[in-house]
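Since every read-out is calculated from the coordinates, none of them should be taken as a lab result. This structure is a prediction, so every number in the text was calculated from the model and none was measured. Glycine gets a Cβ as well: all are built from the backbone with ideal geometry, and neighbour counts include every protein chain shown.
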Amino acid sequence: MSKKPQHNPETIFPYESGESKNVQVRRMFDAIAPVYDRMNRLMTFGLDRGWRKTALKMLRTYRPHTILDVATGTGDLPFMMQRLLDSPSVTGIDLSDGMLAVARRKCRELGLEDTVTFERQDCLSLTFADNRFDAVTVAFGVRNFQRLQQGFAEMYRVLKPGGVLMVIELSEPTRFPVHQLYRLYAHGVIPLWGRLFSRDRQAYVYLPRSVDAVPQGEEMLSIFRSVGFEKTRCRRLTMGVCSIYWGQK
């Protein structure tokens, strides 16, 4: 029996509607899809692009050709894969039709329909066969999972033996004074920007609360190991604001 983590994002919901977390997350991302990319650049001062690039340079050493990108959003990570990796075939999945509509439009504009496809799927019950992909990636999405351990177990199932899981996720710095500055920014500035620029002001109240709740460091890696992953590791970026997690099947 795996140890219950101290952090539990499964208890943090975008709204107080009584709906399941999956339903609420889908509704939230449908609402913010038109401004999602702009808000990401604004909130991270453009650092999110660098975090993705760093993670993909690490992934490149595994030379994956079939990749599943979970919680793909508007497709930023799959499109970057086409520039930084060796011609991978990428399938991006997401719960939100609104986000997928933006991703498909960007895919057409970039002319990448032959190598990047998008599907609406729930990571808790993937329709793909066992041992299908060389790599599975998740960028800034695991904190939205309704059941985190079940999601990782499904990703493990669809990975080929030797395949890798790469998770990029926001995290909370621990050192003074970065921790204090981060808390002020995350819980003060981000909700304010959400009210000013987003159709759904509650979404950007939920964001810092979900980051607070998501397992970090060794807690996250222990969940990886609980479903079978080995050679787990964590790399922190930008004074601990972002973390990259790895595990191998």
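If you go through the range 125-147 and keep only what is assigned to a loop (DSSP other than H, G, I, E, B) and in contact (Cβ under 8 Å) with a residue 60 or more places away in the chain, you end up with Phe128, Arg132, Phe140, Gly141, Phe145, Gln146, Arg147. For Glu154, the conditions (1) free of Cβ contacts under 8 Å to residues at least 40 places away in the same chain; (2) among the acidic types (Asp, Glu); (3) farther than 28 Å from Met28 by Cα are fulfilled apart from (3). Restricted to the range 178-249, the set of helices (runs of 4 or more DSSP H) holding at least 3 residues that are under 30 Å from Pro34 (Cβ atoms) and in contact with a strand residue (DSSP E or B) (Cβ under 6 Å, 6 or more places away or on another chain) is empty. For the range 89-122, filtered to residues that are touching a residue at least 40 places away in the same chain (Cβ under 8 Å) and more than 16 Å from the chain's Cα centre (by Cα), the residue that is surrounded by the fewest Cβ atoms within 10 Å (Cβ to Cβ) is Asp97. Taken together, Val178, Val205, Val211, Val164 contain a single residue that is among the hydrophobic types (A, V, I, L, M, F, W, C), touching a helix residue (DSSP H, G or I) at 6+ places or on another chain (Cβ under 6 Å) and crowded, with 22+ Cβ neighbours inside 10 Å, which is Val164.
In summary, helices (runs of 4 or more DSSP H) completely within the range 4-79 and bearing 3 or more residues that are of a type in the set (A, V, I, L, M, F, W, C), touching a residue at least 60 places away in the same chain (Cβ under 8 Å) and farther than 26 Å from Arg147 by Cβ occur at 36-44. Is it the case that Met155 is assigned to a helix (DSSP H, G or I) and either out of contact with any strand residue (DSSP E or B) (no Cβ under 9 Å at 6 or more places or on another chain) or farther than 28 Å from Asp212 by Cβ (or both)? The answer is no for Met155. Considered as a group, the residues in the range 214-249 that are in contact with a Ser or Thr (Cβ under 6 Å, 6 or more places away or on another chain) and under 17 Å from Met58 (Cα atoms) include one that is surrounded by the fewest Cβ atoms within 10 Å (Cβ to Cβ), and that residue is Arg236.
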